[in-house]
Amino acid sequence: MMSFPVKLKMCAAWMIASLVLFAPIAAQDRLAADLARYEQETDAVRKARALVKLGDDQIDEARKQLKAGADVASLHTLEQYRDEIQHMAEALKATGVDPEKKPAGYKELQISLRETIRHIDDLILTLPVDKRPFFREVRTDLVKTQNDLIDALFPRQPDRNSKKPNP
């Protein structure tokens, strides 16, 4: 017959082992669920919000792939993310809504993109120098899309201090 402290230690060890074994499965399930939610969404604004959540998971997946030595798979994951972001930015523009007046979707996507670019910068620094240019291309495309979103949210106003010509 085992004493209570021994049973407690065995129970704790079992719980830790189950967490270690099943945590990656739960992360994959969450990624699959977010992907399904993103693909099924038809409204551009809600789809942009779903992409924000999905994007975080995709960047985490790329980081894990990179740590496992799968550089090509990591690059492919980031390229897939870039393509989804570009498609989503185009879909938001196609709605015809003025993002300056109704920034929903644009704002979330731009903020998420800014954070993601920082994470990609961190990933690039961990790479060997000869592989960095491929990842920098993806980063450059994402920065361009982010700048397009910022320009849509904050269009340039005419300079208020300039003198208006008299007619």
(request) Scan Glu79, Glu100, Glu84, Glu108 and give me the residue that is more than 22 Å from Leu31 (Cβ to Cβ) and of a type in the set (Asp, Glu). (result) Glu100
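Being in contact with a helix residue (DSSP H, G or I) (Cβ under 9 Å, 6 or more places away or on another chain) and over 22 Å from Leu153 (Cβ atoms) is the filter here; which residues of the stretch 49-69 pass it? Spell out the reasoning first.
Within the stretch 49-69, the first condition is being in contact with a helix residue (DSSP H, G or I) (Cβ under 9 Å, 6 or more places away or on another chain), and the residues that meet it are 49-68.
Answer for the stretch 49-69, where residues must be in contact with a helix residue (DSSP H, G or I) (Cβ under 9 Å, 6 or more places away or on another chain) and over 22 Å from Leu153 (Cβ atoms): Asp57, Gln58, Ile59, Asp60, Glu61, Ala62, Arg63, Lys64, Gln65, Leu66, Lys67, Ala68.
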(request) Go through Asp34, Asp29, Asp56, Asp43 for me and flag whichever is touching a Ser or Thr at 6+ places or on another chain (Cβ under 8 Å) and at pLDDT below 90. (result) Asp56
(request) Being surrounded by 14 or more Cβ atoms within 10 Å (Cβ to Cβ) and outside any helix (DSSP H, G or I) is the filter here, so list the residues in the stretch 26-61 that pass it. (result) Glu41
(request) Could you tell me whether any residue of the stretch 127-135 is among the acidic types (Asp, Glu), modelled with pLDDT under 95, surrounded by fewer than 16 Cβ atoms within 10 Å (Cβ to Cβ) and under 23 Å from Leu54 (Cα atoms)? (result) no
(request) Consider Glu108 carefully, then state whether it is out of contact with any His (no Cβ under 7 Å at 6 or more places or on another chain), charged (D, E, K, R) and touching a residue at least 60 places away in the same chain (Cβ under 8 Å). (result) yes
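The values are calculated or read from the model by the stated rules, or taken from the named source; none is laboratory data. Note that the structure is a prediction, hence the values are computed from the model and not measured. As a convention, Cβ positions derive from the backbone with ideal geometry for all residues, glycine included, and neighbour counts pool all protein chains shown.
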